[in-house]
Amino acid sequence: MTRIMCSHPCQIFNLNQFSELFNSGKSTICEDIAIIRDTLLALRLGDLESVAGAGGGVRFVPRVDKRNTEEYISELCKSLSDPDRILPGGYIYMNDILHNPQQIYKIGEILASRFMDVRPDFVITVETKGTPVAIMTAFSLGCPVVVAGRNGNVTEGPLVSINYVTASSRRIQTMSLSKRAVKEGSRALIIDDFMKGGGTARGMAQLLKEFNVDIVGTGVVIATREPQVKLVSSYTSLIMLEQVDESERKIELSPADWIKSI
């Protein structure tokens, strides 16, 4: 039962399902669930929530340990501050982090913990390096991922496309989403790997308006300290990029303020 519930975060399991699967009475299943819940809480891995009603049951809700989260993000800042990561144009090499299953699982889990209470129906990102982050965030939230494309794809059927302006380069780009990708009136969480001015995040928000979708939040792995005023009204980042000095070969990163205060 522990393996089943932990591998399906936020999914409701009816007690009858477990009773039939393990050929056990409901009272025994309830006792086992109580033991599992106590163990998860003791290890600070999450909680089992009871859901009342006809379609009710029990679901696993991942939780992150506050101290471990701060330590992990601090170590991540240290790793990403290596001068060898500086790329031409002041960018930071992050592929080894974003493509590492263990790293990206942890990053997604922390981002998901920040938005667990708003219960998004899906996570959206644009096809870029942020896709792995979005996938693992959605996994912990128990919802699907929608990926907006930069170029139309005939295999996706009819598309809705918008033009948006990137905040950093002030270039006009196109973003598209299949009409079948989301349902009108659903709730979306925007996730990306990096934010400078917020142009891409705002582009996703504008695209979702065409579907009459509510945006419940925006989360990124790294956000730059400057410009302080972004093109999105609010967002959550795990790391703040203070500066990248190519001439001095120096990168300054720090955990986001909410990470340091938990």
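At a glance:
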{"read-out": "Glu70 vs. criteria among the acidic types (Asp, Glu) and in contact (Cβ under 8 Å) with a residue 24 or more places away in the chain", "value": "yes"}
{"read-out": "Neighbours by Cβ (under 7 Å, 6+ apart or cross-chain): first from the stretch 25-50, among the basic types (Lys, Arg); second assigned to a helix (DSSP H, G or I)", "value": "Lys26/Leu15; Lys26/Ser19"}
{"read-out": "Hits in the stretch 116-130 (condition: under 21 Å from Ser7 (Cβ atoms), out of contact with any Pro (no Cβ under 6 Å at 6 or more places or on another chain) and surrounded by fewer than 21 Cβ atoms within 10 Å (Cβ to Cβ))", "value": "Met116, Arg119, Asp121"}
{"read-out": "In the stretch 231-248, residue farthest from Ala205 (Cα to Cα) [restricted to those that are modelled with pLDDT under 95 and in contact with a helix residue (DSSP H, G or I) (Cβ under 6 Å, 6 or more places away or on another chain)]", "value": "Leu231"}
{"read-out": "Pick from the stretch 20-43, criterion hydroxyl-bearing (Ser, Thr, Tyr) and over 32 Å from the mean Cα position of the chain (by Cα), ranking: surrounded by the fewest Cβ atoms within 10 Å (Cβ to Cβ)", "value": "Ser27"}
{"read-out": "Whichever residue in the stretch 243-255 is closer than 18 Å to Asp193 by Cβ and out of contact with any Leu (no Cβ under 6 Å at 6 or more places or on another chain) and, among such residues, is surrounded by the fewest Cβ atoms within 10 Å (Cβ to Cβ)", "value": "Ser254"}
{"read-out": "Exclusive hit being in contact with a helix residue (DSSP H, G or I) (Cβ under 8 Å, 6 or more places away or on another chain) and more than 14 Å from Gly149 (Cβ to Cβ), set Leu177, Leu189", "value": "Leu189"}
{"read-out": "Gln228 being surrounded by fewer than 21 Cβ atoms within 10 Å (Cβ to Cβ), assigned by TED's automatic domain parsing to the domain that holds Asp117 and in contact with a strand residue (DSSP E or B) (Cβ under 7 Å, 6 or more places away or on another chain)", "value": "no"}
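Conditions (1) within 19 Å of the chain's Cα centre (by Cα); (2) within 25 Å of Met94 (Cα to Cα); (3) charged (D, E, K, R), marked per residue:
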position: Pro158; (1), (2), (3): no, no, no
position: Met175; (1), (2), (3): no, yes, no
position: Lys183; (1), (2), (3): no, no, yes
position: Lys209; (1), (2), (3): no, no, yes
position: Ile222; (1), (2), (3): yes, yes, no
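The values are calculated or read from the model by the stated rules, or taken from the named source; none is laboratory data. Just so you know, these numbers come straight off a predicted model, no measurement behind them. A quick note on method: Cβ atoms are made from the backbone with ideal geometry, for glycine too, and the neighbour counts reach across all protein chains shown.
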